[in-house]
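Worksheet for the structure shown next.
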Amino acid sequence: MTTLSATATASAPAPARPVAKRSLRLGRVLRWALVLIVLAAASLFAWRRLHATSAPTVRYQTATIDHGGIDAKVTASGAVSAIVTVQVGSQVSGRILAWYADFSSSVKKGQLIAKIEPSLFKAAVEQARANYTAAKASYDKSLANRVLAERNYARTLALFEQALASRGDLDAAEAAAEAARADVGTADAAMLQSRAALDQAQLNLSYTDIVSPIDGIVISRNIDVGQTVAASFQAPTLFTIAQDLTKMQVDTNVAEGDVGNVHEGMTASFTVDAYPTRTFRGVVRQVRDNATTLQNVVTYDAVLDVDNGDMALRPTMTANVTFVYASRGEAVRIPNAALRFRPDATTVVAMTGPNAAPAPNREKLAADQRIIWTLRGGTAAAHVVRIGISDGMTTEMVEGDLRAGDAVVTEAIPAAKGS
């Protein structure tokens, strides 16, 4: 038994060797795991550095160049009116007795359209006629007195030559004849004056008949029966008559910056609010030199002749006019926002990098040259192009290395650090 116990005691430590092997393998696994963790951290750090370096430093807004037609145009607003419009007034004051033409009435030249109460004017005519009659009678009397005085002078002269009358009698008879002749002149003048007063009274009486001066259509009537019109200082407007509404005109207010592109004979189009889907056509008759200044804004009146055969247009309608002074059927069109984009030096460096070639100098460009920035593959580049006409939204490219489909920069905002 002693021998067995010793043997058992000697063989007891044998299980410690597998445990040591497992501990060794676990240590190796931990070391490799630590290495992998370090490598992963290094890779993550390197990736973040690489990502931060390649991340974009500028946020862009872009538009696309396309291909199509361009119409260079000038826009203006104006008002539709008849070519000939007459304001009919009154040259005498009085109460309106009646009117015979209303809104939209067709009238003929010389047609009676209103009547002013004529009683006072008839009385004035009768008074003037009486004065004229009296003046004429006085004139006839002066003629008779002249004849008598001349005959008396002739008899006195004959008696004087026969020594039957004195020199005093002859002188008195001669003076009386001269006075009679002068009275005839005075009576004649008074008769002419009274005749003129009669004519004036008759003319004033005729002015109580308000007649149309032209053939046309009544646009407005500003009177009613019983209304009193006063023509003391200014003739009141009773009616407004348009001569022919089948031929209209549009008076437009063209800005001074655009008036150089508008000329006589060019075709224009316009719309009115009453027919928003219909386009009317007109021809520029004249561009008037008389400018209008309102709040330091200078405009010129360009007058359009318009055919209004269907009577669709009405006086005083507001017209939105477009003058097309140049047109291109096919052109490379650059958005105007790209033409207006002018980055500062800081933005240019952010867009191209500090080692990039300098951007073109705008001060050395011709009047029709512009700098356009494009974005290709995330890289911004400047291009010098020559431009042509513009329609306000896009501009024709006459010369340059851009093509339809290119993305052009309209805005560039450098990103903040760390963003």
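Please indicate, with yes or no, whether at least one residue in the stretch 352-373 is touching a residue at least 24 places away in the same chain (Cβ under 8 Å), in a helix (DSSP H, G or I) and not acidic (Asp, Glu).
Yes; the residues of the stretch 352-373 include at least one that is touching a residue at least 24 places away in the same chain (Cβ under 8 Å), in a helix (DSSP H, G or I) and not acidic (Asp, Glu).
Every residue, every condition in (1) under 30 Å from PRO315 (Cα atoms); (2) in contact with an Asp or Glu (Cβ under 6 Å, 6 or more places away or on another chain); (3) not aliphatic (A, V, I, L, M), yes or no:
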{"site": "GLN61", "(1), (2), (3)": "no, yes, yes"}
{"site": "ASP66", "(1), (2), (3)": "no, no, yes"}
{"site": "LYS73", "(1), (2), (3)": "yes, no, yes"}
{"site": "THR85", "(1), (2), (3)": "yes, no, yes"}
{"site": "GLY89", "(1), (2), (3)": "yes, no, yes"}
{"site": "ASP102", "(1), (2), (3)": "yes, no, yes"}
{"site": "PRO118", "(1), (2), (3)": "no, no, yes"}
{"site": "ASN131", "(1), (2), (3)": "no, no, yes"}
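On the given criteria, is ALA130 loosely packed, with under 15 Cβ neighbours inside 10 Å, modelled with pLDDT of 95 or more, assigned to a helix (DSSP H, G or I) and among the hydrophobic types (A, V, I, L, M, F, W, C)?
yes
So, PHE280, is that one within 30 Å of MET397 (Cα to Cα) and of a type in the set (Phe, Trp, Tyr) or not?
On the way: within 30 Å of MET397 (Cα to Cα): no; of a type in the set (Phe, Trp, Tyr): yes.
Spelling it out, it is not the case that PHE280 is within 30 Å of MET397 (Cα to Cα) and of a type in the set (Phe, Trp, Tyr).
From the list MET397, MET393, which residue is modelled with pLDDT of 90 or more, surrounded by 13 or more Cβ atoms within 10 Å (Cβ to Cβ) and either in contact with an Asp or Glu (Cβ under 7 Å, 6 or more places away or on another chain) or not assigned by TED's automatic domain parsing to the domain that holds ASP258 (or both)?
So the residue among MET397, MET393 that is modelled with pLDDT of 90 or more, surrounded by 13 or more Cβ atoms within 10 Å (Cβ to Cβ) and either in contact with an Asp or Glu (Cβ under 7 Å, 6 or more places away or on another chain) or not assigned by TED's automatic domain parsing to the domain that holds ASP258 (or both) is MET397.
On the given criteria, is GLN234 under 35 Å from the mean Cα position of the chain (by Cα), closer than 30 Å to LEU294 by Cα and without any contact (Cβ under 8 Å) to a residue 12 or more places away in the chain?
The answer is yes for GLN234.
Taking the condition under 26 Å from ALA134 (Cα atoms) and among the aliphatic types (A, V, I, L, M), does ALA177 pass? Quick ask: steps written out before the conclusion?
Numbers: under 26 Å from ALA134 (Cα atoms): yes; among the aliphatic types (A, V, I, L, M): yes.
Answer is yes for this residue.
Looking at (1) touching a Lys or Arg at 6+ places or on another chain (Cβ under 8 Å); (2) part of a strand (DSSP E or B); (3) modelled with pLDDT under 95; (4) aliphatic (A, V, I, L, M), which one does VAL303 not meet, given that it meets all the others?
In the conditions (1) touching a Lys or Arg at 6+ places or on another chain (Cβ under 8 Å); (2) part of a strand (DSSP E or B); (3) modelled with pLDDT under 95; (4) aliphatic (A, V, I, L, M), VAL303 misses (3) alone.
Residue check, LYS73 against (1) assigned to a strand (DSSP E or B); (2) modelled with pLDDT of 95 or more; (3) of a type in the set (Lys, Arg), all met but one. Which one?
Of the numbered conditions (1) assigned to a strand (DSSP E or B); (2) modelled with pLDDT of 95 or more; (3) of a type in the set (Lys, Arg), the odd one out for LYS73 is (2).
Quick one: in the stretch 221-255, of everything that is part of a loop (DSSP other than H, G, I, E, B) and in contact with an Asp or Glu (Cβ under 9 Å, 6 or more places away or on another chain), which residue is farthest from PHE323 (Cα to Cα)?
GLN243
Of the residues that sit in the stretch 133-169 and are surrounded by 16 or more Cβ atoms within 10 Å (Cβ to Cβ), small (Gly, Ala, Ser) and at pLDDT 90 or above, which one is nearest to ARG195 (Cα to Cα)?
The qualifying residue nearest to ARG195 (Cα to Cα) is ALA135.
Scanning the stretch 237-278 for residues that are among the acidic types (Asp, Glu), within 20 Å of the chain's Cα centre (by Cα) and surrounded by 12 or more Cβ atoms within 10 Å (Cβ to Cβ), which turns out farthest from ASP209 (Cα to Cα)?
Among those that are among the acidic types (Asp, Glu), within 20 Å of the chain's Cα centre (by Cα) and surrounded by 12 or more Cβ atoms within 10 Å (Cβ to Cβ), it is ASP258.
Considering each of THR374, THR352, THR346 in turn, give the residue that is outside the structural domain of GLY260 (by TED's automatic domain parsing), more than 30 Å from GLN243 (Cα to Cα), loosely packed, with under 11 Cβ neighbours inside 10 Å and of a type in the set (Ser, Thr, Tyr).
So the residue among THR374, THR352, THR346 that is outside the structural domain of GLY260 (by TED's automatic domain parsing), more than 30 Å from GLN243 (Cα to Cα), loosely packed, with under 11 Cβ neighbours inside 10 Å and of a type in the set (Ser, Thr, Tyr) is THR346.
If you go through the stretch 256-277, how many residues are of a type outside the set (Ser, Thr, Tyr), free of Cβ contacts under 8 Å to residues at least 12 places away in the same chain and assigned to a strand (DSSP E or B)?
Final tally of qualifying residues: 1.
May I ask you to verify whether GLY388 is modelled with pLDDT of 90 or more, buried (at least 16 other Cβ atoms within 10 Å of the Cβ) and on the phi > 0 side of the Ramachandran plot?
no
Checking VAL92 against (1) free of Cβ contacts under 8 Å to residues at least 40 places away in the same chain; (2) touching a helix residue (DSSP H, G or I) at 6+ places or on another chain (Cβ under 6 Å); (3) in a loop (DSSP other than H, G, I, E, B); (4) not acidic (Asp, Glu), which single condition isn't satisfied?
(1)
The values are calculated or read from the model by the stated rules, or taken from the named source; none is laboratory data. Fair warning: this is a prediction, and the values are worked out from it, not measured in the lab. Please note: Cβ atoms are built from the backbone with ideal geometry, for glycine as well, and neighbour counts cover all protein chains shown.
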